[in-house]
Amino acid sequence: MYMQNNEEKQEKPILKTSIIKPDALYEMVFDRTTNKTSFSKMSRDGNLENGLEEVELEGRKYRPLPPTYNLVEKGVILFPSLATPYENEEAILKEIQIFIHKYLDISEVFEQIATYYVLFTWMYDRFNEVPYLRAIGDFGSGKSRFIQAIGILCYKPVFTGGATTPSPIFRIVNEVHGTLIIDEADFKFSDMTSEIVKILNTGYQRGIPVLRSEGKGTFEVKAYDVFCPKIVATRETFSDKALESRFLVEEMGAGKLRTDIPRTLDENFYQDAEKIRNKLLMWRLKNYFEPIDRREDLIEGIHPRLNQIVMPLLSIIKDSAIREHLKTFIVKYNTDLVADRGLSWESDIVFAILKLEYETKAHQVTVKQITDEVNREIDISDDTLQARKVGWYLRSKLQLKPYKTRKGFVLSFKDNRKRLDMWKERFGITDADIRSEDVNDVNVVNNTEEEFVMPTAQEIGF
């Protein structure tokens, strides 16, 4: 009797949302019209099969999640309904951008970044690292619409609204390997926030699972694979600066909402999104086994970490003209980041040090000279720094090392060269800035720009 039950147990099909084998890729689809789930299969040689209700591989049977499965039925996880043809990569990117622009009010630069990010999510599992997207803003600033309008187009989006404890999120991400959509408004307890930070901290890199102790009495240790793209909405930045550097961030609610943005989302929103997901599924199936040209070229003038996190986005795009456009947008985004980051005493102090080095040609500079230069540059009488405070910023915030002499505390340029160069790059300070030169904006796009131009909002018709 035991053997019979054991055999029946072994024959029970395994439920999966995707199956990746060396010779074929299987992806789950869900047709709400017929209320049926199935697999679409693309073999390595390019043969497409649809409507597979069950597959047997290496003696094991697999089925897609049934339509009655709670997370499927309630729309917590979204799937395409069918792999449908698309014209080309340029056309599919344009459709994504038009959709995002129609339903979401974000900056033109980030609209482009979000467009490329959506495409990337459908191929993320070919990479070892993934960047994250985040909207930051107060209540009513449009953060929820951000994660809805972008997230609904991504690969197997998992919406965490309604998850009251961390455990379901770990299990869903581990099993589905889709795109995790996180709204901070759903995190009602501090332990939830700390668990989400664990997912974010480890989930950007393949092969680093989260270990959790679960169960009652036995406390079995389980490993959860949380490597996947993530789109997050928060009201504040994270205290962990390393985690902060993983995000491409858009600040919400900075201006008046565009009048053409729909205030509510009707059925057209979901139907249009499904049509795009269907084309993106075909794009994934057709390109999954294709060689990827993993980009390692540095984008001149941007922060190294930003360069690192956009490399996967550049690598999935085959068209060189489209890659150059993305580089242009990233340079602009980096400029915006530098402008925001530059509004700090730390950046003012570093700028003052570098300017004094250029002007004095000396080997060292006193803390008093630095203080006077900062106060002269800001030119605001009621918002000045004292030398003691500058010394504190040098040591505690910038990790620079002034030492005491008869002239007072001084800072050696030679002894602090590496760290000064690092801060110079991080704050986006250029030699032209130090020399107080005016420079013209340079268009980094090469001549291939004529071959393909990502449409602007006006050209789209909005």
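In this structure, is Leu285 touching a strand residue (DSSP E or B) at 6+ places or on another chain (Cβ under 7 Å), within 28 Å of Phe127 (Cβ to Cβ) and hydrophobic (A, V, I, L, M, F, W, C)?
On the way: touching a strand residue (DSSP E or B) at 6+ places or on another chain (Cβ under 7 Å): yes; within 28 Å of Phe127 (Cβ to Cβ): yes; hydrophobic (A, V, I, L, M, F, W, C): yes.
Criteria met by Leu285.
With respect to Glu49, is the statement that it is at negative phi, surrounded by 11 or more Cβ atoms within 10 Å (Cβ to Cβ) and over 31 Å from the mean Cα position of the chain (by Cα) true? Break it down stepwise before answering.
Numbers: at negative phi: yes; surrounded by 11 or more Cβ atoms within 10 Å (Cβ to Cβ): yes; over 31 Å from the mean Cα position of the chain (by Cα): yes.
Against the criterion (at negative phi, surrounded by 11 or more Cβ atoms within 10 Å (Cβ to Cβ) and over 31 Å from the mean Cα position of the chain (by Cα)), Glu49 qualifies.
Which of the residues spanning region 100-116 are among the aromatic types (Phe, Trp, Tyr) and touching an Asp or Glu at 6+ places or on another chain (Cβ under 6 Å)?
Taking region 100-116 first, the residues among the aromatic types (Phe, Trp, Tyr) are 103, 110, 116.
Phe110 - this is the single residue of region 100-116 that is among the aromatic types (Phe, Trp, Tyr) and touching an Asp or Glu at 6+ places or on another chain (Cβ under 6 Å).
Residue under question is Ile106, and the condition is that it be part of a helix (DSSP H, G or I) and in contact (Cβ under 8 Å) with a residue 24 or more places away in the chain; does it hold?
Values: part of a helix (DSSP H, G or I): no; in contact (Cβ under 8 Å) with a residue 24 or more places away in the chain: yes.
When the stated conditions are applied, Ile106 does not pass them.
Identify the residue in region 397-420 that is assigned to a helix (DSSP H, G or I) and modelled with pLDDT of 90 or more and, among all such residues, is farthest from the chain's Cα centre (by Cα).
Arg417
Do any helices (runs of 4 or more DSSP H) entirely within region 185-294 hold 1 or more residues that are within 30 Å of Met42 (Cα to Cα) and modelled with pLDDT of 85 or more, and if so, which? Outline the logic, then answer.
Details: elements: 190-202, 241-244, 267-287.
Helices (runs of 4 or more DSSP H) meeting the threshold: 267-287.
Output the number of residues of region 70-83 satisfying the condition of being part of a loop (DSSP other than H, G, I, E, B) and buried (at least 16 other Cβ atoms within 10 Å of the Cβ).
Residues of region 70-83 that are part of a loop (DSSP other than H, G, I, E, B), as a first pass: 74-76, 78-83.
Adding the requirement that they be buried (at least 16 other Cβ atoms within 10 Å of the Cβ) leaves 76, 78-83.
The total comes to 7.
Please go through region 60-100 and give me each residue that is among the aliphatic types (A, V, I, L, M) and closer than 21 Å to Ala114 by Cβ, ordered by number. Show your work before the answer.
Start the filter on region 60-100 by keeping residues that are among the aliphatic types (A, V, I, L, M), which leaves 65, 71-72, 76-78, 82-83, 91-93, 96, 98, 100.
Ile77, Leu78, Ala91, Ile92, Leu93, Ile96, Ile98, Ile100, listed by residue number.
Could you tell me which of the residues Ile309, Ile317, Ile299 is closer than 29 Å to Glu90 by Cβ, of a type in the set (Val, Ile, Thr), more than 17 Å from the chain's Cα centre (by Cα) and crowded, with 19+ Cβ neighbours inside 10 Å? Before the answer, list the steps.
Working: Ile309 fails: more than 17 Å from the chain's Cα centre (by Cα); Ile317 fails: more than 17 Å from the chain's Cα centre (by Cα).
Matching residue, one of Ile309, Ile317, Ile299: Ile299.
The values are calculated or read from the model by the stated rules, or taken from the named source; none is laboratory data. No experiment lies behind these values; they were computed from the predicted model shown. Here Cβ is always computed from backbone atoms with ideal geometry, including for glycine, and neighbour counts include all displayed protein chains.
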